[in-house]
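Data first, discussion second: the structure below is written as C-alpha cells.
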Amino acid sequence: MQNLLKLMLALATLNTPLAYSQAFCELRDPSRVIRDLVPESVSFNSEVLSIDDRTRAAIVDSVGVTMHHQELGYHTLYTVWDDENGKLGLVHVRPEATPWGLMEIAWMIDRNGRVVDFTLQRCRSQHCEAMNSDKVHAVFYRRDLTSLSELLHERTDNVDRMWLKQLGLSDEQEPLFAAITRSAIKTLAVLEYGGLIGD
C-alpha cells in the first residue's frame, strides 16, 4: 500500500505546472562553462525564455532551417556581466539532432547578436574533437544571423562544401558541422525574436 501511495504521488507531481515549466536545456555547470567561454566575466544571472508555436514558425520562415516541434517550451538564458556591471552578452544552450544522437551546444553571444564562442556540452560522435579546432571556432567568431546563413546552402540544412574544404573537414564530419551551424542560427534567431539582442 505504501508503494502504491508513493507511485500516485510521483505521478501527480509529473502533472503539475512546475514539471512542465522546467527549462528544456540548461548548462550543467554554469560557473565553469561561463568562465571558459567568457574569461573576463565576473557574474551572471539566469532567466527563462519561452518559445511558442508562433515564434517557432516565424524563425523557420525567416532563417529557413528546420526546427523540431519539441524545440518549444522553456529555455534558460544566462546574462553575463563584467566587473563594472556591464552586460557582456548571453550564454544559451541548444540541443541539435545529429546522426549520433542529440548534441548540446553552449553559445556565447555578444550584445549585438554576434557569436563570441561555443563549447560542446554533449557530443557522442567520433568527430567531436575535430569540431573543437581553432579553425572551426574561428569560422563562427563574430558572425551574426545573416553571415551564419552563408555557411549553409540557401534554404537548406546542408553545409556549403567550400567551407568543408577550407576547414579540412571530411564528408563524414559534415553532419556535425552542419548541426553546429544550425544551432548557431537558431540561437541567434531565438534571441533576436525574443528582443534580447540586436538594436
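The values are calculated or read from the model by the stated rules, or taken from the named source; none is laboratory data. Source: prediction; values computed, not measured. FYI the Cβ positions are ideal-geometry reconstructions off the backbone, even for glycines, and counts take in every protein chain you see. Just the protein is used for accessible areas: all its heavy atoms, side chains included, with ligands, DNA and RNA removed. Shrake-Rupley method; radii C 1.70, N 1.55, O 1.52, S 1.80 Å.
I'm trying to understand the selection: among the residues of the range 142-156, which are surrounded by fewer than 16 Cβ atoms within 10 Å (Cβ to Cβ) and at pLDDT below 95?
Correct list: THR146, SER147, GLU150, HIS153, GLU154, ARG155, THR156.
Mind counting the residues in the range 121-174 that are in contact (Cβ under 8 Å) with a residue 40 or more places away in the chain and within 16 Å of THR187 (Cα to Cα)?
Qualifying residue count for the region: 9.
Any idea which of (1) touching a residue at least 24 places away in the same chain (Cβ under 8 Å); (2) touching a strand residue (DSSP E or B) at 6+ places or on another chain (Cβ under 9 Å) is the one LEU102 doesn't satisfy?
The number of the failed condition is (1).
Residues checked against (1) outside any helix (DSSP H, G or I); (2) in contact with a Lys or Arg (Cβ under 8 Å, 6 or more places away or on another chain); (3) polar (S, T, N, Q):
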{"site": "LEU148", "(1), (2), (3)": "no, no, no"}
{"site": "PRO175", "(1), (2), (3)": "no, no, no"}
{"site": "ILE180", "(1), (2), (3)": "no, no, no"}
{"site": "THR187", "(1), (2), (3)": "no, yes, yes"}
{"site": "GLU192", "(1), (2), (3)": "no, no, no"}
{"site": "GLY195", "(1), (2), (3)": "yes, no, no"}
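Can you list the strands (runs of 3 or more DSSP E) found entirely within the range 33-141 that contain at least 1 residues being of a type in the set (A, V, I, L, M) and open to solvent by 80 Å² or more (accessible area, probe 1.4 Å)?
Working: elements: 43-51, 73-81, 87-98, 101-110, 115-122.
Correct list: 43-51, 101-110.
Can you tell me how many residues within the range 157-173 are open to solvent by less than 50 Å² (accessible area, probe 1.4 Å) and either in contact with a His (Cβ under 7 Å, 6 or more places away or on another chain) or not in a helix (DSSP H, G or I) (or both)?
Total satisfying the criteria: 6.
Can you find, within the range 174-199, the residue that is most open to solvent (accessible area, probe 1.4 Å) among those that are closer than 19 Å to LEU49 by Cα and among the hydrophobic types (A, V, I, L, M, F, W, C)?
Looking at the filtered set, the residue picked out is LEU196.
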